[in-house]
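Contents: one structure, followed by commentary.
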Amino acid sequence: MIQVNDKIRNVMAVVFEIETDQISEDAEPGVVTNWDSLRHMNLIVALEEEFGIQFTDDEMTDLLNFKLISAIITEKLN
């Protein structure tokens, strides 16, 4: 799980143009200043590429914060 979370943080840091240490377990739009709708879509694409997965439409709407992103990706990888 830690490796998955580290990869998610790395992807988020690139997409949101911030340092990985600025991405806490509570990271979400409003907390991460660069997290807007366009970057959210970029995040989804980047996560799909990084992990070799595809999110469903329902999952895409659930990717609202770091904890949910981690849970959904972990579930898809298992």
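Some observations on this one:
- Net charge in the neighbourhood of residue 14 (other residues with Cβ under 15 Å of its Cβ; Lys, Arg +1, Asp, Glu -1) is -4.
- Amide H contacts of residue 35 (H built 1.01 Å from N, under 5 Å, at least 5 apart or other chain): 30
- Remark: the residue 45-residue 17 segment gains 8.5 nm on full extension, using 0.36 nm per residue and subtracting the alpha carbon distance.
- The GluC sites (Glu not before Pro) of the chain meeting both criteria, a DSSP state outside H, G, I, E and B (loop) and at most 14 other C-beta atoms within 10 angstrom of the site's C-beta, are 17, 19, 25.
- Per residue, the chain reaches -19000 deg cm²/dmol at 222 nm when only DSSP H runs of four or more residues are counted, each adding -39500 (n - 2.57).
We did not get these values from a lab; they are worked out from the coordinates using the rules stated. Just so we're clear, the structure is a prediction, and the values are computed from it rather than from any experiment. Neighbour counts are summed over all protein chains in view; Cβ atoms, including those assigned to glycine, are modelled from backbone coordinates with ideal geometry.
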